[in-house]
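Notes to accompany the following structure.
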Ligand SMILES: [Zn+2]
């Protein structure tokens, strides 16, 4: 299908130390001016495509990544990570999303990677819609012909992935080389960190579907929570409450709610001992006021839904180690990365959904026995 006979080339470039440092600079959600975000994207995005068509699209997409991987030497999970990052930050209005799905554009795309016109055609190219590989090359553009049809089309998945592969191969093929290539493409430490996290998740699990959930506390134990979104809090000035407090006994197990990767771990004066986990949808799950962490868990580690990550405590609201300034509870928050800012949204409806799902499963299992 893909006429890719061109041999990939590799060229080692000197490692840019400042770029490498920025790659890992991190961006804990609580350090950003996270704005309030009232809707739950999952529940408000209109009528989703039927599950089977979604699965088919995912299977086709993975196949495309594997084909491009075979042709270029870039592993499928790296293409998948870039694609997923771009999907997660795409701020599609409901109108354009609806138009896309109804008009079924001339060439429906499998990937969501959008390469801006000045990058694709070359910044000084007078024709910003240029699709001729020769003139694009002349103006230093990014666009190449990966499908073998003689044109370099930014709307063609094969052309986009092939161009991206040729860019990445300039830096080499190790994970570090990949991170540098991504940094050089986005010039954004946060983007580089996300793509590398997603690549690690896809590589580890070997599949695109990393949906799955768990309630953060063991189902059926003594905990209590209600919707506390946006209520005032007593310590730290006029801040709104960005999350849900789950009151529970000191020492109760805290579990990961998702498939994800540990992004933050340590003390924060508000959150106490806290842990932050990034999922494949680019959501940051924040667990605060812990008594302690699961010892073996380190930054960069991969977690699965239901996995123990720590224990309920009352740490925070002071210098490291401060405990007991309030009743023990888990503060759970979710932030969505939109590329430049991270938005907190109310986790309460999701918590209810996950809790109900686990109760349903428990009942089903009991019936079977
Ligand atoms: Zn709280």
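The values are calculated or read from the model by the stated rules, or taken from the named source; none is laboratory data. Everything numeric here is computed off the predicted structure, so don't read it as measured data. With ideal geometry, Cβ positions are generated from the backbone for all residues, glycine too; neighbour counts draw on all protein chains shown.
Evaluate the following for residue 247: is it within 16 Å of the ligand (Cβ to nearest atom), closer than 17 Å to residue 215 by Cα and over 24 Å from the mean Cα position of the chain (by Cα)?
Details: within 16 Å of the ligand (Cβ to nearest atom): yes; closer than 17 Å to residue 215 by Cα: yes; over 24 Å from the mean Cα position of the chain (by Cα): yes.
It is true that residue 247 is within 16 Å of the ligand (Cβ to nearest atom), closer than 17 Å to residue 215 by Cα and over 24 Å from the mean Cα position of the chain (by Cα).
Say we look at the range 346-369 and pick out the residues that are outside any helix (DSSP H, G or I) and under 21 Å from the mean Cα position of the chain (by Cα); which of these is surrounded by the fewest Cβ atoms within 10 Å (Cβ to Cβ)?
Among residues in the range 346-369 that are outside any helix (DSSP H, G or I) and under 21 Å from the mean Cα position of the chain (by Cα), the one surrounded by the fewest Cβ atoms within 10 Å (Cβ to Cβ) is 346.
Within the range 251-268, identify whether any single residue is within 14 Å of the ligand (Cβ to nearest atom), under 20 Å from the mean Cα position of the chain (by Cα), at pLDDT below 95 and closer than 29 Å to residue 195 by Cβ, and answer yes or no.
The answer is no, given that none of the residues of the range 251-268 is within 14 Å of the ligand (Cβ to nearest atom), under 20 Å from the mean Cα position of the chain (by Cα), at pLDDT below 95 and closer than 29 Å to residue 195 by Cβ.
Exactly one of these conditions fails for residue 230: (1) more than 16 Å from the ligand (Cβ to nearest atom); (2) part of a loop (DSSP other than H, G, I, E, B). Give me its number.
Among (1) more than 16 Å from the ligand (Cβ to nearest atom); (2) part of a loop (DSSP other than H, G, I, E, B), the lone unmet condition for residue 230 is (1).
Restricting attention to the range 248-271, which residues are surrounded by 24 or more Cβ atoms within 10 Å (Cβ to Cβ) and part of a strand (DSSP E or B)?
If the condition is that a residue be surrounded by 24 or more Cβ atoms within 10 Å (Cβ to Cβ) and part of a strand (DSSP E or B), then 254, 260 are the ones that fit.
Output the residue which, of all residues in the range 155-180 that are touching a residue at least 40 places away in the same chain (Cβ under 8 Å) and outside any helix (DSSP H, G or I), is nearest to residue 197 (Cα to Cα).
173
Could you please tell me which pairs satisfy a Cβ distance under 6 Å, a separation of 6+ or placement on different chains, a first residue in the range 322-334 that is farther than 23 Å from residue 344 by Cα, and a second residue that is at pLDDT 95 or above and within 9 Å of the ligand (Cβ to nearest atom)?
Correct list of pairs: empty, since none qualify.
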